[in-house]
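For reference, the structure discussed in these notes is given below.
Read the figures in this text as sums done on the coordinates, not as results from a lab. As the structure is a prediction and not an experimental result, all values here were calculated from the model. Please note: Cβ atoms are built from the backbone with ideal geometry, for glycine as well, and neighbour counts cover all protein chains shown.
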Amino acid sequence: MTEIDIEKENKAIAQEYKELLRISYQTLTPTDKKLIRKAFDVAVDAHKEQRRKSGEAYIFHPIAVAKIVASEIGLGATSIAAALLHDVVEDTPITVEDIERLFNPKVAQLVEGLTKISMVQKDLNASMQAENFRKMILTLNDDVRVILIKLADRLHNMQTMESMVEYKQTKIASETLYIYAPLAHRLGLYNIKTKLEDLGLKYTEPAVYEDIVSKIRETKEEQDAYIKDISDVLKKSLDAENVDYIIKGRPKSIYSIRRKMRAQNVSFDEVYDKFALRIVYKCDSHEEKFIAWKIYSIVTDHYRPSPSRLRDWISSPKSTGYEALHITVMGPKGRWVEVQVRSERMDEIAEKGYAAHYKYKNGASEESGLDTWLNLLREALENQETNAVDFVEDFKMNLYSKEIFVFTPKGEIKSLPKGATSLDFAFSIHSEIGIKTRGTRVNGRLVPLNHELKSGDQVEVITSANQKPTVNWLEYVTTSRAKNKIKNVLNENTKKIAEEGKELLTRKLKHLKVTLNEQVTNELVNFFKLKTSLDLFYRVGIGAIENQQLKDYAAQKSNTFINFFKSKIKRTKDTASEDIHKPVISSNYDMLVFGTEHDKLDYKLSQCCNPIPGDDVFGFVTINEGIKVHKKDCPNAIGMQSNYAYRIMSAKWIDSSQEEFKAIINITGMDVLGLTNQLTKVISNNMSVNIQSISLSTDAGIFHGQVAVIVKNNAILKKMISAIKKIDGVDKVTREYRT
């Protein structure tokens, strides 16, 4: 690199530093600026020899992370300093002790937390990505700011992934959609969540992403004009009422458009609320609610609202702290438009989440939504026995779930995830109440424990000192708090019974001249086809294993050779009978090849997304069934690529002319005369397609059809779907995916 380049780069670094101070959300004192300057100098010196894959000086990355922390997340000087230093312990000779000596224990603690997360993710021996996430989430116990800085780090890495190899891009993007975007959502960082989701889509489904981006670009001018029309109408009335406000148009995120297209099986043009209007008003704190409803009244004077789509998060804020009124109205040209109404304070909390929440909290004694959530999270983390993947899935469910608001018998309001049951409610009051729940009343009526609650329900819990949870209870609850408490109690009972069972088994085997030791225990576990010794002792304890069965085991043990011979014969038979029921989808290996070497391997096509030749696919190495092939946009792909990245194999079709595949097509439309004839004619006469089965029905003028066809490849299927769409009366044609 030339001297001029280095000089130019140093100027750019200095410029970035000034920008960092300028855009900080918090007011920085001279002491704060001194701390940040020192962290900046240490980071610049520590990373001076390092460059990123793109060729630029490495220091630009920590500065960019610090800028996100300062402006988009809104944290203060300690976090900004930690963000500048977040990679020095991992990448340079500087230690956590050095940072504590140079700065202070708090900065050192944050840097140590961030280093732990990075080390966890680089641990190649980790059996599952889920276990890594679990360890990462454990750092929330120390300081939530560790995760907030980690989100900023992840966002900048996602923004600068162009020079990475494709498989790494897919892995990091899947991981981002799987856990980091839900985390940002739960911490109230909606801007960062949206950016992470859009970038995640860019690298997991590039073609879909580019298609939506280009369509948004094409319609931008028309949308801007549409938003301006509505804004002009509302401005007159708002000005007449002396409201101090600004109106901004807000296009829907690319990821949420894609999600709607998939969930509702519609095209880009059919997604009706691709943009929203946001009205942000200034006011004194005591007038906040009054002005919000005044604006609501003005908006609905001009445009008809959809009553089912009013969201009032001002009267009952989300547990993230989010407050706003969302009104969906019928705008000009018969289009639905969402109007969001927020005060400046609400807008700041929506943009900055955690940081703004504490700025406005003003030392109030009431516990914040975030604090409550973190306490619940700590409780979940205490239960170390949960399988890591289950933990992450439960965790995600509680991250993303919409909320309902229910009342206690005394009228106190409680927030629960959508889908929560009356038993979940009992555990949300207190785990001891949950464990002793005998019955529940909702709105004065006795209901089952798995009764799904709705917003506004008043719930009363009936307890009994003798009540104990049963295994069925795990099916009655949806929240991870309730599940963990039930599992804990069940585990305690199981262990107690297992201990008694072990003593009983020792005595019974003694009569049969067998000594219970580790080898005998393992043999018994296999003999009874169980998974663990705990299962064995528990079954003996509850009397599920009879004396005759133990005698059979002892007799078998006395003749090892015959036993071995028998098991061999039996095993062969079992496998053969299993193979009759498990179809091997392909014995013709020249159609699909795996890995960079284009290896020809045996595989099965997964049932969840039914790939056919021509689809973009990947291989997933399963534990029992060899390689399973999934479509790249399979509903389970993100979870697999994120959790089990080391078991993903690239795969592609090389010849699809010899084999035929089944695809299921769903058709809906109006019950027009002759539609059935037209449909069968189009499929059978004009295509290289065989109809395997067809089922048609009509209901109050609406036609529903499902056709299973045998096709050779994706191109033929697409051509057929396109022809069906042209039939008079047909409204929607979709290919079925099983989840």
- request: Determine, for F425, F703, the number of other Cβ atoms within 10 Å of each Cβ, and report the residues in order from fewest to most.
  value: F703, F425
- request: Mind checking which lysines have their Cα closer than 20 Å to the Cα of K513? Skip sequence neighbours fewer than 8 apart in that chain.
  value: K502, K551, K557
- prompt: Measuring from centroid to centroid over Cα atoms, what is the spacing of region 336-352 and region 421-455 in Å?
  reply: 34 Å
- request: Collect residues whose amide H, placed 1.01 Å from N in the peptide plane, falls under 5 Å from the amide H of G439; neighbours closer than 5 in sequence don't count.
  value: I462
query: Can you give the FRET efficiency for F528 and I623, using 1/(1 + (r/R0)^6), R0 = 25 Å, r = Cβ-Cβ distance, to the nearest 0.05?
result: 0.70
message: Need the list of lysines near K294 for cross-linking: C-alpha distance under 17 angstrom, and skip anything on the same chain fewer than eight residues off.
response: K235, K236, K282
field: Low-density loop cleavage sites - GluC sites (Glu not before Pro) in region 5-104, where at most 10 other Cβ are within 10 Å (DSSP)
entry: E49
Estimated dipole of region 482-534 in Debye, rounded to 20 [Cβ of Lys and Arg +1, of Asp and Glu -1, Cα centre]: 200 debye
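Could you list H286, H86, H704 so that the one with the fewest beta carbons within 10 Å of its beta carbon is first and the one with the most is last? Don't skip to the answer; put the middle values down first.
Numbers: H286 7, H86 28, H704 14.
By the 10 Å Cβ count, ascending: H286, H704, H86.
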statement: Assertion target for D457, D424, ordered by fewest C-beta neighbours within 10 angstrom first, is D457, D424
task: Pull out the extension gain between E100 and I691, defined as 0.36 nm times the separation in residues minus the alpha carbon to alpha carbon distance; nm, one decimal.
output: 205.6 nm
- prompt: In whole angstrom, how far apart do the alpha carbon centroids of region 626-651 and region 225-261 sit?
  reply: 40 Å
- request: Please count, across region 668-739, the pairs of lysine residues with Cα atoms under 17 Å apart that sit 8 or more places apart or on different chains.
  value: 7
query: At I702 and K725, where each label point lies 7 Å from the Cα along Cα→Cβ, what is the point-to-point distance in nanometres?
result: 2.1 nm
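Going through the cross-link list K487/K652; K48/K150; K468/K529; K274/K483; K18/K220; K48/K220, which pairs have a Cα-Cα distance over 32 Å in this structure? Show your work: numbers first, answer last.
On the way: K487/K652 43 Å; K48/K150 22 Å; K468/K529 29 Å; K274/K483 38 Å; K18/K220 34 Å; K48/K220 43 Å.
Correct reply: K487/K652; K274/K483; K18/K220; K48/K220.
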task: Starting from the Cα-Cα distance between L446 and K414, subtract it from 0.36 nm times their residue separation and give me the gain in nm to one decimal.
output: 9.5 nm
- request: Using label points projected 7 Å from each Cα along Cα→Cβ, tell me how many nm separate L673 and A240, to one decimal.
  value: 5.3 nm
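Please compute the contact order of region 661-735 in relative form: average sequence separation of alpha-carbon pairs under 8 Å and at least six residues apart, divided by the residue count, as a percent. Walk me through the intermediate numbers first.
Working: 131 pairs, mean separation 35.4, N = 75.
Over region 661-735, the number comes to 47 percent.
Tell me the trypsin sites (Lys or Arg not before Pro) within region 262-330 that lie in a loop according to DSSP and have at most 13 other beta-carbon atoms within 10 Å. Please list the in-between numbers first.
Details: sites: R262, K274, R278, K282, K289, K294, R309, R311, K318; in loops: K274, K282, K318.
Counting only loop positions with at most 13 other Cβ atoms within 10 Å, the trypsin sites (Lys or Arg not before Pro) in region 262-330 are K282.
Between E736 and T29, what is 0.36 nm times their sequence separation minus the Cα-Cα distance? Round to one decimal in nm. Show your work: numbers first, answer last.
Values: separation 707, 0.36 × 707 = 254.52 nm, distance 5.97 nm.
Between E736 and T29, full extension yields 248.6 nm more.
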message: In 10 Å bins starting at zero, report the fraction of Cα pairs in region 661-735 per bin as a rounded %.
response: 20, 60, 19, 2
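Using unit Cβ charges (K, R positive; D, E negative) and no other charged atoms, how large, in debye to the nearest 20, is the dipole of region 661-735 about its Cα centre?
Working: 9 positive and 4 negative charges, 97 e Å.
In total the dipole reaches around 460 debye.
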message: Just to check I understand the Karplus step: with θ = phi - 60° and J = 6.51 cos²θ - 1.76 cosθ + 1.60, what whole-Hz values come out for region 701-714, glycine and proline as x?
response: x, 9, 9, 10, x, 10, 10, 9, 10, 10, 10, 8, 7, 5
Cα centre as origin, Lys/Arg/Asp/Glu Cβ charges: region 589-653 dipole, Debye: 140 debye
message: Run the simple label-point estimate for R438 and D269 please: 7 Å along Cα→C-beta, distance reported in nm.
response: 6.4 nm
Karplus 3J(HN,Hα) series, Hz, for region 671-682 with 6.51 cos²θ - 1.76 cosθ + 1.60 (x for Gly, Pro): 6, 8, 4, x, 4, 4, 4, 4, 4, 5, 5, 4
- request: Under 11 Å from a label point 7 Å along Cα→Cβ of E49: give me every residue in region 69-107 with its amide N that close.
  value: 92-93
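Under 8 Å for C-alpha pairs, at least 6 residues apart: give me the relative contact order for region 3-204, rounded to a whole percent.
It comes to 17 percent, rounded to a whole number.
Pairs K53/K632; K11/K67; K436/K495; K436/K485: which exceed 23 Å Cα-Cα?
K53/K632
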